[in-house]
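All remarks here apply to the structure that follows.
The values are calculated or read from the model by the stated rules, or taken from the named source; none is laboratory data. These figures come from a predicted structure and were not determined experimentally. As a convention, Cβ positions derive from the backbone with ideal geometry for all residues, glycine included, and neighbour counts pool all protein chains shown.
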């Protein structure tokens, strides 16, 4: 076999191997949308629309806040970092008194403990929720 034929054969094998890797890695598992996460974790207290009137809201000492008005409460500014900290539990909210709102960062991490990168996944979920909350803001 000539050197040219060996190079062509090696290139063909390499191309096939790379193609298999590209196809197998092309589609990462879908992450839930911010809206899907909101409906799963938040709507029971804050309501499907974010108005604070979820089905379990009546059982709280203080009603859940209207999440559509976050930016309005802060002069039109939606502070994504602050919102993410409230969601993942890094920032306590005085209005919650004793911690009525779950520490979602810990919940997300726990749910993904058996998968790779649970801390990163938790952060992505908090980010997706924050992005969704930004999208429902009212002026």
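If you go through the stretch 32-54 and keep only what is touching a helix residue (DSSP H, G or I) at 6+ places or on another chain (Cβ under 6 Å) and part of a loop (DSSP other than H, G, I, E, B), you end up with 50, 52, 54.
Filtering 71, 106 for residues that are out of contact with any helix residue (DSSP H, G or I) (no Cβ under 6 Å at 6 or more places or on another chain), surrounded by 11 or more Cβ atoms within 10 Å (Cβ to Cβ), modelled with pLDDT under 85 and outside any loop (DSSP other than H, G, I, E, B) leaves a single hit, 106. When the criteria are applied in full, residue 98 meets the requirement of being part of a loop (DSSP other than H, G, I, E, B), modelled with pLDDT under 90, more than 15 Å from the chain's Cα centre (by Cα) and farther than 16 Å from residue 126 by Cβ. Only one of the listed residues (113, 137, 85) is at pLDDT below 95, assigned to a loop (DSSP other than H, G, I, E, B) and either in contact with a helix residue (DSSP H, G or I) (Cβ under 8 Å, 6 or more places away or on another chain) or over 14 Å from residue 37 (Cα atoms) (or both). That residue is 113.
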